[in-house]
Structures are given as structure tokens and as C-alpha cells.
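The values are calculated or read from the model by the stated rules, or taken from the named source; none is laboratory data. Treat the numbers as computed from the prediction; the structure is a model and nothing was measured. Note: ideal-geometry Cβ built from the backbone for every residue, glycine included; neighbour counts use all protein chains shown. Just the protein is used for accessible areas: all its heavy atoms, side chains included, with ligands, DNA and RNA removed. Shrake-Rupley method; radii C 1.70, N 1.55, O 1.52, S 1.80 Å.
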Amino acid sequence: MLGELCSSQIMAHAFIGGAIVSVVAGSVGYFLVLRAQAFVAEAFTDIGFAGATGAALLGVGSLVGMIVFSLLAAAGLGMLGKRVRGRDVEVGMVLSFALGLGVLFLSIYSRTSGSHAMSGINILFGSMLTINSTDILAALATCATALGALAILYRPLLFASVDPAGAEARGVPMRALSAAFLAIVALTTAACVLLVGILLTASLLIAPAAAAVNLTNRPARAIALSVAAAVGVTWVGLILTFAGTIRHLPAGFYISALAALTYTASLLLRKRLRPVRAFERAHLDRETG
Amino acid sequence: MSPESVNRRQLPVFLRNVRIGFGGRLIQDEMTFTIEDGEFIAVLGPNGAGKTTLLKLLLGLIRPEAGEVLVFGRRPSRGNPKIGYAPQFRTLDANFAVRARDLVGFGLDGHRWGPGFPSRKRRRLVDAALEEVRASEYAEAAVGELSGGEKQRLSLAQVLIANPGLVLLDEPLANLDIASALEIVSLVGGLCASRKVAVMLVTHDINPLLQHVDRVVYMANARSAIGAPETVITRETLSSLYNHPVEVVEAMGKKFVLGVET
């Protein structure tokens with residue numbers, strides 16, 4: 001039955017596209033979680049929505065529109081300061097304004113072109129099952145750029161995310177780093193939105209990474225876990241979608257549900273792991289101190 | 001210029017007639033002192049006296065309004081690899097996401113670009129730094145599980161792993177209980193001797209340091225005094241520094257400065 005699934009080109013595209021996006025989402029998501037910027041990721045997906053609908057209106061590719069819009073937003077947010085921690089108000093305003101713009105573009109588009117708002121629906125909920133090879137190539141190029149940039153920034157970004165004062169003291173260029181990371185987030189969300197839609201991107205970016213951070217205190221291991229969880233959630237979600245073709249539940253439902261489930265499971269696991277370690281430490285202190 | 005004074009200009013810290021201002025306010029004037037290799041210096045004074053500002057001056061983050069500042073014979077510049085700086089108010093975000101050894105490793109190559117791959121040499125260096133601050137036993141623990149004193153040791157190791165010649169510690173004893181503070185101080189004192197590294201430690205309370213420091217810099221009222229604790233922390237010196245009567249009381253082997261806010 002799985003063989004049947006994979007023989008279909010639609011499914012092959014969905015699996016490949018999903019994997020590409022998940023690898024980048026899992027890696028970038030790790031830093032979003034460390035920097036407590038989940039809300040920023042959410043904002044970028046809405047900015048991507050405005051970009052995609054705006055691009056549809058102008059007749060250019062939606063990925064281009066999303067990238068342009070999100071990079072602009074990244075520049076704007078980058079100018080706010082060294083870090084975008086606790087900038088809820090600004091981020092929230094950008095988010096709702098972007099969403100409003102997206103709705104405007106979408107309504108103009110569907111009125112003028114006379115078409116149904118199908119492209120809008122695809123942007124919102126993803127088009128996992130209508131991915132074509134052009135989409136995959138575009139996503140691959142975007143994701144490779146984002147991942148390459150992340151690899152270059154890896155050490156200072158980790159330092160700055162965990163120990164900002166120490167990093168600044170060591171001469172890490174905090175503001176430039178923060179802006180560069182936002183640009184990476186912008187590229188990542190644009191690629192994710194293209195494949196899995198606005199509503200799903202955040203769950204793929206945040207939940208696997210947050211689960212991984214709950215389970216290990218080793219950065220490299222956490223990223224590997226996060227990527228594995230993201231790919232796993234996406235693929236299992238796709239398998240469930242294709243397996244239940246008759247009922248036709250959307251892939252988005254399965255993927256977001258599995259992502260939430262993974263995070264919940266990690267919380268339960270952590271509760272079993274942490275208190276033991278904390279107890280051991282306290283015990284050790286008493287003996288040596 | 002005599003050969004001797006040329007030599008003194010190569011010391012870890014050389015200040016001559018330095019004036020520091022901040023936002024139009026005079027913070028310090030006529031600061032003149034040098035610090036030698038391996039010296040352990042406590043920087044004391046009330047809030048706003050310019051203790052942190054002095055560190056910023058040496059780090060090249062601010063410029064003096066007048067006078068000459070040299071760090072190892074050079075004008076201060078940002079990112080000077082000869083200076084190790086442990087800032088105050090360290091917030092370690094995402095506390096459970098990294099281990100003690102990761103935090104120390106940041107000091108070695110955290111500022112370099114690229115992913116950086118684990119190597120035996122890197123591991124050895126991190127292990128040695130952890131050992132030096134006696135933090136080996138919790139090397140693998142998540143930072144969030146550690147006590148304030150343990151985190152201070154890591155902070156110290158993070159600085160030391162880069163092999164600085166001058167270490168600036170901003171309030172490392174704040175929020176530590178007395179036992180932990182004493183441990184940190186004796187650790188730092190030992191490092192000064194073994195590594196020949198000069199240390200400037202900013203603190204509010206001289207008492208945990210009395211047995212260990214070589215000299216103190218006392219800053220108050222836009223002026224400063226430097227010398228051994230028993231010559232600086234006296235009624236005469238402090239009264240003249242503050243420009244009003246100050247009493248120094250000794251009890252239980254400790255010094256208490258009365259008549260000023262510390």
C-alpha cells in the first residue's frame with residue numbers, strides 16, 4: 001500500500017517538498033525557540049500571506065512576493081533593536097496589518113480576475129497535494145540559502161541566543177546578527193508557506209524545535225532531533241492523508257495535530273527526566289558543599 | 001621619557017590624568033594608576049561612582065574626555081582579545097538548552113563564523129578551563145540546573161579559555177551567599193597567581209576580598225584612590241575622597257564604612 005502511495009507523482013512531490021521544508025523549519029525553529037521568538041515566526045507567516053496575495057495581484061510568483069515582503073518586514077523589525085524579545089506590541093501590529101493587507105489583496109484579486117479565491121485558500125492552508133516540480137525547485141533554492149546562511153551564523157547565533165551579555169562582551173555583532181537571523185526566518189517562512197500554508201508553518205517551525213529543547217541540553221543533538229521530528233510529523237501526516245483519501249481530511253490537520261502531540265509528549269517526557277537530574281544536583285551540592 | 005616609564009606604559013592598565021564623563025556629567029577626574037601583571041584589584045565605590053564606566057573605558061566602549069588610557073601599551077579598542085570581560089546582569093536565556101561545557105566553549109570560538117566542528121583539541125581546552133574553575137563535575141549539566149556560584153565559575157571559565165592578560169569582572173559576587181562569594185574570590189586570587197593574569201573585580205562589599213586582593217581602587221565623588229586595602233579603606237582617605245566625615249569600623253575581621261551609602 002505504501003508502494004502504491006509513493007508511485008503517485010503527486011505524493012512523491014508532497015513527500016519531497018515536505019521534507020525540504022521540514023529540514024529548514026526544524027533547524028531555524030530551534031533558534032526561534034531559544035530566542036523566544038515564536039510570535040515573530042507567526043508574524044512572518046502572515047507577512048508571507050500579504051506577499052503572496054500581493055504577488056498574485058501583480059501577476060508575479062507568490063514565492064517572490066513572499067520573500068520580498070518578509071525581507072522588508074525583517075529589515076523593519078531588525079531596526080527595532082538588538083533583539084526582538086518582548087516586542088509583542090510591534091510584532092502584533094505588523095502581524096495584523098500584514099493580514100489585513102493580505103485580505104485586501106485577495107479580495108481585489110478575486111474580484112478582478114473573477115476566479116474563485118482558490119489561490120488564497122492554498123496560501124492559507126497550504127497546497128501540499130498540488131505541489132509541482134517548479135515549486136519544489138523554488139523551495140529547494142530558498143531553503144538551501146536559508147540553511148547555508150544559518151550554518152555560517154551558527155556559533156555566534158547560538159552564543160548570542162543563550163548568553164547575550166557574554167556574546168556582546170566577546171565582540172559578537174549583535175544587531176547585525178539579529179537582522180541576519182530575521183532574514184533567514186523570512187526566507188524559511190516564505191518557503192514553508194508555499195508548501196504547507198500559513199496556518200501550518202508556525203506549527204512546523206515551533207513545535208518540533210520546542211519538543212527537542214525539552215528533551216536534550218545539547219545544541220547539535222537538539223537540532224537533529226528537531227529536524228527529525230519535523231520531517232517525521234510531516235511524513236506521517238502525509239501518509240495519514242493519503243491513507244484516508246476517501247474521507248479526505250486535509251494534510252494540514254494531521255500535521256498540526258501531530259506537531260502538537262509531539263510537543264505534549266516531550267513535556268511529559270521532560271517531567272520524567274528533569275526532576276531526577278535536579279535532585280541529583282541538589283544532593284551533590286549537599287555532599288560537597 | 002625614562003626607560004622605566006616606557007616600561008610602565010606596557011602594563012595591563014596604564015591611566016594618566018584620565019577624565020571620564022557620561023551624558024554631560026563628570027564621573028571621574030584625574031584618575032592616575034597602573035595595574036601590573038598578576039595583580040588582583042578590587043574596584044569599590046558607591047552606585048554611580050563609575051565602576052562599570054571604568055571597565056567600559058578599558059574595553060574601548062567609551063572614550064576618555066581627557067588623559068591617557070593604555071591597555072598593554074595600546075589605546076583601548078573594542079573586541080581586544082587580551083581582555084576577558086564578564087558583564088554584570090547576565091541573563092542566561094534558554095537555560096536548559098545548553099550544558100555548562102557549551103557555555104564555556106562559547107568563550108573559545110562562539111564569536112567565530114561557521115558551524116564549528118567538535119575536535120579533541122577543543123574538548124581538551126574546554127575540559128581544562130572547567131577544571132581550572134573546579135566545575136568539572138557539572139560539565140554536562142544543563143546551565144539552568146546550576147546555582148549562582150556555579151554559574152559564576154562558568155562565566156569565569158568562559159573568559160579564561162580565551163587566555164586574556166587582563167580580566168574584568170563586573171559584580172561577580174552580587175546575589176551570591178557568603179560561602180559562594182568566598183569560593184569565587186579565592187578561585188580568582190589563585191588564578192592571578194598561577195596565570196599571571198591581572199584581574200579587576202568590581203564589588204560593593206570588600207569583606208570577602210580582604211584576604212586576597214593586592215590593591216583596591218576606591219571611586220567616589222568623581223575622584224579615586226588606589227592602594228592596599230589597609231591604606232585606602234581608612235577614615236582619613238575615605239573622608240577626603242567623599243569630602244565629608246566617614247568612619248571605618250573594624251569588627252570580626254571585617255571593615256565597615258559608616259556615613260556613606262555603599
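Rundown of residues vs (1) more than 19 Å from the chain's Cα centre (by Cα); (2) charged (D, E, K, R); (3) surrounded by fewer than 21 Cβ atoms within 10 Å (Cβ to Cβ); (4) farther than 25 Å from residue B:58 by Cα, yes/no style:
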{"site": "B:173", "(1), (2), (3), (4)": "no, no, no, no"}
{"site": "B:180", "(1), (2), (3), (4)": "no, no, yes, yes"}
{"site": "B:201", "(1), (2), (3), (4)": "no, no, no, no"}
{"site": "B:217", "(1), (2), (3), (4)": "no, no, no, no"}
{"site": "B:236", "(1), (2), (3), (4)": "yes, yes, yes, yes"}
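Which residue pairs have Cβ atoms under 6 Å apart, sit 6 or more places apart or on different chains, and have a first residue in region B:73-90 that is within 18 Å of residue A:173 (Cα to Cα) and open to solvent by less than 50 Å² (accessible area, probe 1.4 Å) and a second that is outside any loop (DSSP other than H, G, I, E, B) and among the polar types (S, T, N, Q)? Partner pairs satisfying both residue conditions: B:86/B:155.
Of the residues making up region B:41-78, those that are of a type in the set (Gly, Ala, Ser) and within 16 Å of the chain's Cα centre (by Cα) number 5. Answer yes or no: is there a residue in region B:1-8 that is more than 14 Å from every other protein chain (Cβ to nearest Cβ) and part of a strand (DSSP E or B). Checked region B:1-8: no residue is more than 14 Å from every other protein chain (Cβ to nearest Cβ) and part of a strand (DSSP E or B). Against the criterion of being of a type outside the set (Lys, Arg) and farther than 18 Å from residue A:35 by Cβ, residue A:222 does not qualify.
Against the numbered list (1) away from chain A (no Cβ under 12 Å); (2) assigned to a loop (DSSP other than H, G, I, E, B); (3) among the basic types (Lys, Arg), residue B:19 comes up short only at (2). Considering region B:103-119 alone, what residues qualify as being at the interface with chain A (Cβ under 7 Å from one of its Cβ atoms) and not small (Gly, Ala, Ser)? Result: B:103, B:106, B:109, B:111, B:112, B:113, B:115. Here residue A:245 clears all of (1) away from chain B (no Cβ under 14 Å); (2) open to solvent by 10 Å² or more (accessible area, probe 1.4 Å); (3) at pLDDT 95 or above except the condition numbered (3).
One line per residue, one yes/no per condition, for (1) farther than 15 Å from residue B:154 by Cα; (2) assigned to a loop (DSSP other than H, G, I, E, B); (3) charged (D, E, K, R); (4) more than 11 Å from chain A (Cβ to nearest Cβ):
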residue	(1), (2), (3), (4)
B:49	yes, yes, no, yes
B:55	yes, no, no, no
B:63	yes, yes, yes, yes
B:80	yes, yes, no, no
B:101	no, no, yes, no
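Applying the criterion of being touching a helix residue (DSSP H, G or I) at 6+ places or on another chain (Cβ under 9 Å), basic (Lys, Arg) and more than 11 Å from every other protein chain (Cβ to nearest Cβ) to the residues of region B:120-171, the residue that is nearest to residue B:191 (Cα to Cα) is B:153. Mind checking whether some residue in region B:105-121 is open to solvent by less than 10 Å² (accessible area, probe 1.4 Å) and either of a type in the set (A, V, I, L, M) or touching a Cys at 6+ places or on another chain (Cβ under 8 Å) (or both)? Within region B:105-121, none of the residues are open to solvent by less than 10 Å² (accessible area, probe 1.4 Å) and either of a type in the set (A, V, I, L, M) or touching a Cys at 6+ places or on another chain (Cβ under 8 Å) (or both).
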